[in-house]
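Novice: Below you will find the structure I want to go over with you.
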Amino acid sequence: MKKNLLIAVLMTITTTILLGIIYPLVVTALAQVLFHEKANGQLIQKNGDLIGSRLIGQPFVSDKYFHSRPSAAGNGYDAANSSGSNLGPTNQKLIDRIKSDTATAQADNPNTPVPIDLVTTSGSGLDPDITPAAALFQIPRIARVHDLSEDQVRALVQSHILQRQFAILGEPRVNVLQLNLALDEKTAK
């Protein structure tokens, strides 16, 4: 009995040290060496200041920027409260919000169907990407605000479309933060 108890305690201590301390440290060290940028959240800095991450969306409400998807995470893009709204398709609150968001988007670009991702939230509420259609939909507003031609803005959007991974995984997408940073660079000149 004492022998079995001693073996159980020693195995618990051994596996705790091995799997709870050594293994996580080795994996963290390997990630830092092999995938440093990815292991640290793919953070984006500008002039030495941290401005965001490629992986977590953030709100852009100014007319001079491309807008992200709406967020249901907390008060919007709150990583501590990542989730969808859990509102069903017949929920009046969801229907009213989508109608309001659609009307707002239509005001910027009348007589053009609004891409669904500009009025619906993602499952996490933190999606950093929009569809190419959502980015293209916003071109007239961006061109007007920045006094650029629509072709100039369209070329910028086209250059930021990320294709499917390995040609089959996911959908084409545009990272809103990276697109807005490129827009800032283009209009700063």
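No value in this document is a laboratory result; all are computed from the given coordinates. No experiment lies behind these values; they were computed from the predicted model shown. Because the Cβ atoms are built from the backbone with ideal geometry, glycine has one as well, and the counts that use them run over all protein chains shown.
Novice: Semi-axes of the equivalent ellipsoid for the range 1-67, please: Cα gyration tensor eigenvalues, times 5, square-rooted, ordered largest first, whole Å.
Specialist: Ellipsoid half-lengths, sorted descending, are 47, 14, 7 Å.
Novice: Follow-up. Excluding R154 itself, calculate the net charge of residues whose Cβ lies under 15 Å from the Cβ of R154, where each Lys or Arg counts +1 and each Asp or Glu counts -1.
Specialist: Here the count lands on +1.
Novice: Among G57, G20, G88, which one moves the most in a GNM of the chain with springs linking Cα atoms closer than 10 Å?
Specialist: G20
Novice: Kirkwood hydrodynamic radius of the range 1-135 from all distinct Cα pairs, in Å?
Specialist: Working: mean 1/r = 0.0531 Å⁻¹.
Taking the inverse mean of 1/r over all distinct Cα pairs, the range 1-135 comes out at 18.8 Å.
Novice: Let me ask another. Work through the residues other than A133 whose Cβ is under 14 Å from its Cβ and net out their charges, Lys, Arg +1 and Asp, Glu -1.
Specialist: Result for the neighbourhood of A133: 0.
Novice: OK, next. Need the list of lysines near K46 for cross-linking: C-alpha distance under 29 angstrom, and skip anything on the same chain fewer than eight residues off.
Specialist: Cα-Cα hits under 29 Å: K38, K64, K186, K189.
Novice: Right, here's the next one. For a distance above 19 Å, tell me the whole-number percent of Cα pairs in the range 113-189 that qualify. Please report the intermediate quantities before stating the final value.
Specialist: On the way: 1108 of 2926 pairs.
Across the range 113-189, Cα pairs with separations above 19 Å total 38 percent.
Novice: Please give the FRET efficiency for K93 paired with V145, using the beta carbon to beta carbon distance and R0 = 22 Å, rounded to the nearest 0.05.
Specialist: So, using R0 = 22 Å, E works out to roughly 0.10.
Novice: Per DSSP H run of n ≥ 4, the term is -39500 (n - 2.57); total these for the chain, divide by its residue number, and report the mean residue ellipticity at 222 nm rounded to 500 deg cm²/dmol.
Specialist: -13500 deg cm²/dmol
Novice: Would you kindly state how much longer the chain becomes between A182 and E37 on full extension, computed as 0.36 nm times their sequence separation minus their alpha carbon distance, in nm to one decimal?
Specialist: Length gained between A182 and E37: 50.2 nm.
Novice: Could you work out how much longer the chain between A103 and E171 gets when fully extended? Use 0.36 nm per residue separation minus the Cα distance between them, nm to one decimal. Don't skip to the answer; put the middle values down first.
Specialist: Numbers: separation 68, 0.36 × 68 = 24.48 nm, distance 2.63 nm.
Stretched out fully, the A103 to E171 stretch lengthens by 21.8 nm.
Novice: Oh, and also: From the backbone phi of the range 168-185, what are the Karplus-calculated ³J(HN,Hα) couplings (6.51 cos²θ - 1.76 cosθ + 1.60, θ = phi - 60°) in whole Hz, Gly and Pro given as x?
Specialist: Along the range 168-185, the couplings run 9, 9, x, 10, x, 8, 10, 7, 5, 4, 5, 5, 5, 5, 5, 5, 4, 5 Hz.
Novice: Taking R0 as 22 Å, what FRET efficiency do you get between T120 and A79 from their Cβ-Cβ distance, rounded to the nearest 0.05?
Specialist: It comes to 0.65.
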